[in-house]
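The values are calculated or read from the model by the stated rules, or taken from the named source; none is laboratory data. Remember, it's a predicted structure, so these values are computed and weren't measured experimentally. When we count neighbours, we look across all protein chains shown, and the Cβ atoms used for this are built from the backbone with ideal geometry, even at glycine. For accessibility, only protein heavy atoms count, side chains too; no ligands or nucleic acids. Shrake-Rupley method; radii C 1.70, N 1.55, O 1.52, S 1.80 Å.
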Amino acid sequence: MGYAQATMPFPPADLALLGATEEIEIETRAAPDAPLHRTTIWIMTDGNDAFVRSVRGGRGRWYREAIANPQVAVHAGGRRLAARVVAANDPTSIERTNKGLRDKYEGIDGYAEMLEPDCFDTTLRLEPA
């Protein structure tokens, strides 16, 4: 997947919810008819964009499933937001995600691992579906 500009951002209230939520659950499946999985991950927002990244790099099941089937859902604050993932592994998106990680998660267990260059290629932007 290559980098693409966002075509439609989440509504402001949804972005605010995602920005304020420490951990979300991302709902993925390897194919439309495959079993559904939920994984707890971190989410970062910057401007009108929401980003996620796999701490396990390309080995993370949720990441592999999201790449195979980009239609996902995000659970935050008791809400389910339908979304799709778009690769965001360009230098600007990686730096925006790194900044979001520093601002939101610095000092929390797992923070340093999310800033390892091996994870950078798994940076994804979420768009509403």
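Give the calculated FRET efficiency between ARG102 and ARG80 to the nearest 0.05, with a Förster radius of 30 Å applied to their Cβ-Cβ distance.
Details: r = 28 Å, r/R0 = 0.95.
Here the calculated transfer efficiency is 0.60.
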field: Cβ-placed point charges (K, R +1; D, E -1), dipole of the chain about Cα centre in debye, nearest 20
entry: 320 debye
- request: Pop out the carbon and sulfur fraction of the accessible area of region 1-83 as a percent, whole number, probe 1.4 Å.
  value: 52 percent
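Calculate, for region 33-129, the solvent-accessible area per residue in square angstrom, rolling a 1.4 angstrom probe over the heavy atoms of the protein chains.
Numbers: 4650 Å² over 97 residues.
Solvent-accessible surface per residue comes out at 48 Å².
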task: Taking just the C-alpha trace of the chain, give me its Rg and Dmax in Å.
output: 13.2, 39
